[in-house]
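Participant: Before anything else, here's the structure in question.
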Amino acid sequence: PELTRAATDRFTGPVDGDEPRHELVVTHAFLAAWLVRDALDAPPWRWMGLNHANAALTVIRYAPDRPADVMTVNDMGHLPPEMRWTGFPPESHI
């Protein structure tokens, strides 16, 4: 709980100032799932069912005075087909 609280404090929410800002957070699937769960305002236990593939992209937009916008989750379109869905059983592949 201490680490997820620290990550949520550090990596979520709009930033101060008027300049656009983009941050890239490279992390493991568990933290990506936690941040998506937070952006969706889901209960804390819900992160466990949000699985992410290796090298998948998730984009969350934080704008002032608006709820978080989960723009894409687990996007593997940039990977060649043979590298997609690594770590997932065949029935999970779409």
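The values are calculated or read from the model by the stated rules, or taken from the named source; none is laboratory data. Every value quoted in this text rests on a predicted model; they were computed, and no experiment measured them. Cβ atoms come from the backbone with ideal geometry, glycine included; neighbour counts cover every protein chain shown.
Participant: Read through the list (1) in a strand (DSSP E or B); (2) more than 10 Å from the chain's Cα centre (by Cα), then give the number of the only condition that residue 47 fails.
Facilitator: Tallying (1) in a strand (DSSP E or B); (2) more than 10 Å from the chain's Cα centre (by Cα), residue 47 fails exactly one: (1).
Participant: So, one more: Name the pairs whose Cβ atoms lie under 8 Å apart, with the first residue in region 1-13 and free of Cβ contacts under 8 Å to residues at least 24 places away in the same chain and surrounded by fewer than 10 Cβ atoms within 10 Å (Cβ to Cβ), the second part of a helix (DSSP H, G or I) and not hydrophobic (A, V, I, L, M, F, W, C), and 6 or more positions between them or separate chains?
Facilitator: So the pair list comes out empty.
Participant: Sticking with this one: Starting from region 61-75, take each residue that is at pLDDT 90 or above and list its partners that are in a strand (DSSP E or B) and surrounded by 15 or more Cβ atoms within 10 Å (Cβ to Cβ), counting only C-beta distances under 6 angstrom and pairs at least six apart or across chains.
Facilitator: 68/60; 70/60; 73/58; 75/57
Participant: Give all pairs with beta carbons closer than 8 Å in which a residue from region 77-90 that is modelled with pLDDT of 90 or more meets a residue that is outside any loop (DSSP other than H, G, I, E, B) and of a type outside the set (D, E, K, R); count only pairs at least 6 apart in sequence or on separate chains.
Facilitator: As it stands, the answer is 78/57, since those pairs meet every condition given.
Participant: How many of the residues making up region 17-44 are exposed (fewer than 14 other Cβ atoms within 10 Å of the Cβ), modelled with pLDDT of 90 or more and either among the acidic types (Asp, Glu) or out of contact with any helix residue (DSSP H, G or I) (no Cβ under 9 Å at 6 or more places or on another chain) (or both)?
Facilitator: 3
Participant: Can I ask one more? May I ask you to say which residue of 30, 88 is in a loop (DSSP other than H, G, I, E, B) and hydrophobic (A, V, I, L, M, F, W, C)?
Facilitator: Answer to the check: 88.
Participant: Check residue 52 against each of (1) at pLDDT 90 or above; (2) surrounded by 14 or more Cβ atoms within 10 Å (Cβ to Cβ) and name the one condition it does not meet.
Facilitator: (1)
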